Amino acid sequence: MNVLVCGGAGYIGSHAVIELLEAGHNVIVFDNLEKGHRAAVAEDATLVVGDLRDPVALEGVFADHSIDAVMHFAAYSLVGESVTQPDKYYDNNVYGSYCLLQAMRKFNVNKIVFSSTAATYGEPEQVPITEEQKTVPTNPYGETKLAVEKMLGWYDRAYGLKSMCLRYFNVAGAHESGTIGEDHTPETHLIPLVLGAALGKTDCIRIFGTDYDTPDGTCIRDYIHVSDLAAAHVLALAKLCEPGAESNIYNLGYGHGFSNLEILEAARRVTGIPIRAEMADRRPGDPSILIASSDAVVRDLGFAPRYDDLDVIIQSAWAFFKAHPNGYES
Ligand code: UDP
């Protein structure tokens, strides 16, 4: 199939491109390179630089390539920034997605795998979190992702556009080749920041909050390896191509979690470096525990993780960061 990957030069999108190529698909990446990196796009994929909100550029891609299906990763994803600049998030994440869906309709493309988030749940009612739990986002980032999920639901009903929305928990690690990985500016995520401290880019890592209602007092998150996450997208696409396929929403995590202090210990173990840590105040808006129920994705899509091991996840990220201490510019 010819698969259009919007945001395919980003962290998760670039890993999905590799999984799609390995599954035998032809991949066209559409990315404005604002957050993505040209060097992250696999050589065997075609890169078109453009913005979803530019109809000339976007429709040009559909006109030039006979697109069969879309994977959509192009979005802003910084929770804090979304609170201070919600306009940016509604414009890129919601309006950008609307433009994509309109182009898909115009070119009769009716399959999309959408990059969603556990932030759609907000503060969970119980863990592990199942897909049936209430969605009450606590920030504009989660709101914009939920808005697109809902838009997809209505577009299915009205126009027969079929979607798979994948709600990611905490994504980490890097491709086993060591050639692609995480390179965000600014970086806000725990694992890259801990490894940045190991590399000496910062003096220490600050652990946000030690008084949560968890065994060691720090937050617990469900970390999924980015290549497992990417592989699940290919499974979701295959499911959408089955006759009579229905739209659906799935959590993507491993179903178990690690505390922030456990991440720190694992990073010290893997790197062999006594990474310095400072205990700090809570970061506003952080739920204490986020763990996915992954039953549905395992049952319906046959999701079978290959990298469900914290040390393996951190080792893969470490290999990428050592080879690219300044990201793709290294
Ligand atoms: N965290 C931390 N120090 C940092 C960055 C993150 O203690 O410098 C904590 C954060 O408060 C949360 C966990 O690490 O409890 C995971 O945060 P991250 O930003 O990686 O992902 P999120 O769960 O927000 O999607």
### Candidates PRO140, PRO124, PRO274: whichever shows maximal mean-square fluctuation once the chain is modelled as a Gaussian network with Cα springs under 10 Å
PRO274
## Note on the structure
Rh (Kirkwood, all Cα-Cα pairs) for segment 110-150, Å, reads 10.7 Å
### Query
What ³J(HN,Hα) values, in whole Hz, does the Karplus curve 6.51 cos²θ - 1.76 cosθ + 1.60 give for segment 131-137 when θ = phi - 60°, with x put for Gly and Pro?
5, 7, 4, 4, 9, 10, x
### Query
In the neighborhood of HIS37, defined by Cβ-to-Cβ distances under 11 Å, what is the net charge if each Lys or Arg adds +1 and each Asp or Glu adds -1?
-3
#### Entry: segment 215-316 - Rg over Rh from alpha carbon coordinates, Kirkwood radius
1.07
### Task
Find, to one decimal place in angstroms, the Kirkwood hydrodynamic radius of segment 283-330, where the mean of 1/r is taken over every pair of different Cα atoms and then inverted.
14.1 Å
### Message
Taking the 0 to 90 degree range and rounding to the nearest ten, how far is the long axis of helix 310-323 tilted relative to the main principal axis of the chain, both from C-alpha atoms?
### Response
80 degrees
#### Entry: Crossing angle, helix 140-159 versus the chain [Cα axis fit, 0-90 degrees, rounded to tens]
30 degrees
### Task
Mind jotting down the three principal axis lengths of segment 43-200 based on Cα atoms? Whole angstrom, largest first.
48, 41, 30
#### Entry: For segment 152-292, share of DSSP beta bridges that run antiparallel, in % to the nearest 5
10 percent
#### Entry: Equivalent ellipsoid dimensions for segment 1-81 as semi-axes, Å, which come from the Cα gyration tensor, largest first
19, 16, 10
### Summary
log10 I(q)/I(0) for the chain, Debye formula on C-alpha points only (no solvent), q = 0.07 Å⁻¹, two decimals, reads -0.26
### Task
Please give the helix 96-106 orientation as an angle from the longest Cα principal axis of the chain, in degrees from 0 to 90, rounded to the nearest 10.
30 degrees
### Task
Give the distance, in whole Å, between the Cα centre of segment 108-146 and the Cα centre of segment 45-69.
27 Å
### Task
Using a cut-off of 13 Å between beta-carbons, work out the net charge of the residues near VAL56 (Lys and Arg +1, Asp and Glu -1, VAL56 not included).
-2
#### Entry: Cross-link reach list, lysines versus LYS134, counting only Cα pairs under 27 Å and skipping chain neighbours closer than eight places
LYS88, LYS111, LYS145, LYS150, LYS162, LYS239
### Message
Rounded to whole Å, give me the distance from the Cα center of segment 160-213 to that of segment 313-328.
### Response
11 Å
### Message
If you average 1/r across every pair of different Cα atoms in segment 155-289 and take the reciprocal, what Kirkwood value do you get, in Å?
### Response
17.1 Å
### Task
Please compute the Cα-Cα pair-distance distribution of segment 190-268 with 5 Å bins starting at 0, giving whole percents from short to long.
3, 13, 17, 16, 15, 11, 8, 7, 6, 3, 1, 0
### Query
Based on the mean of other beta carbon atoms within 10 Å per residue, what is the order of 322-330, 23-31, most packed first?
23-31, 322-330
### Message
Report for the chain the percent antiparallel among DSSP-assigned beta bridges with both residues inside it, nearest 5.
### Response
5 percent
### Query
Which whole-number percent of Cα pairs in segment 245-288 have a distance greater than 17 Å?
58 percent
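Only the coordinates and a few stated rules stand behind these numbers; no lab work does. Values in this document were obtained by computation on a predicted structure and should not be read as measured data. Because the Cβ atoms are built from the backbone with ideal geometry, glycine has one as well, and the counts that use them run over all protein chains shown.
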